[in-house]
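Coordinate-derived values only; no laboratory data. Predicted model only: the values in this text are computed from it and were never measured. Note that we place each Cβ from the backbone using ideal geometry, even for glycine, and neighbour counts take in every protein chain shown.
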């Protein structure tokens, strides 16, 4: 015989239990809206500072290249390279690459050396990339890793300009530019190094640099 189901309304204990409603509050795993807003504001501020630094250093590279230049047989030497080295040392590889390419390329374009815009952007960016690689990846714990990177990058930078001169004007004409390009690269390393060592001691610069490095 099948026992009929018990009626809970006749049992005081079961009846009271059945009348109770058990509610389970779901866990709240969502991120507070205030936290999301703060994260978005932090990212926005960081992006704004990043663009500002790249723009400022690009302008300094342009000024050093366009206004402080000495004409040579097929172009000119200038002081813009020291600003590229300073940018990499203070604010990192990527910002140095962009500032060097933008500032120097713009200086060539406005200065009437349109044929040199692309080679200049590539070679300046390459120098900054080599310097940053030594300073932040290959030798990050070495005190003078920036100097080694700047010298290696400067040699490749000079060789690159000689190669482009050979393509544009021939080997004989390119040989004339070896000395001016070498002097320009050396001046960039020396002046950029002096500026970096001087500015890196400033508490304000150190605080600003900590936001990027």
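Okay, here's what the table says:
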quantity: For peptides 137-145, 52-60, sequence by mean Cβ density within 10 Å, most packed first; calculated: 52-60, 137-145
quantity: The stretch 55-210: relative contact order in percent, alpha carbon pairs under 8 Å with at least 6 residues between; calculated: 25
quantity: Gain on full stretching of the segment that runs from residue 59 to residue 148 - 0.36 nm per residue minus C-alpha separation; calculated: 29.5 nm
quantity: Peptides 124-133, 180-189, 146-155, 159-168 ordered by average Cβ neighbours within 10 Å, highest first; calculated: 124-133, 146-155, 180-189, 159-168
quantity: Cα-based convex hull volume of the stretch 72-126 per residue, rounded to whole Å³; calculated: 66
quantity: Euclidean distance between Cα centres, the stretch 81-108 to the stretch 133-183, Å; calculated: 15
quantity: Tail beyond 22 Å, pair distance distribution of the stretch 43-170 (Cα, percent); calculated: 35
quantity: Zone residues, the stretch 146-163, relative to residue 187, backbone N less than 18 Å from point 7 Å out along Cα-to-Cβ; calculated: 151, 154-155, 157-159, 161-162
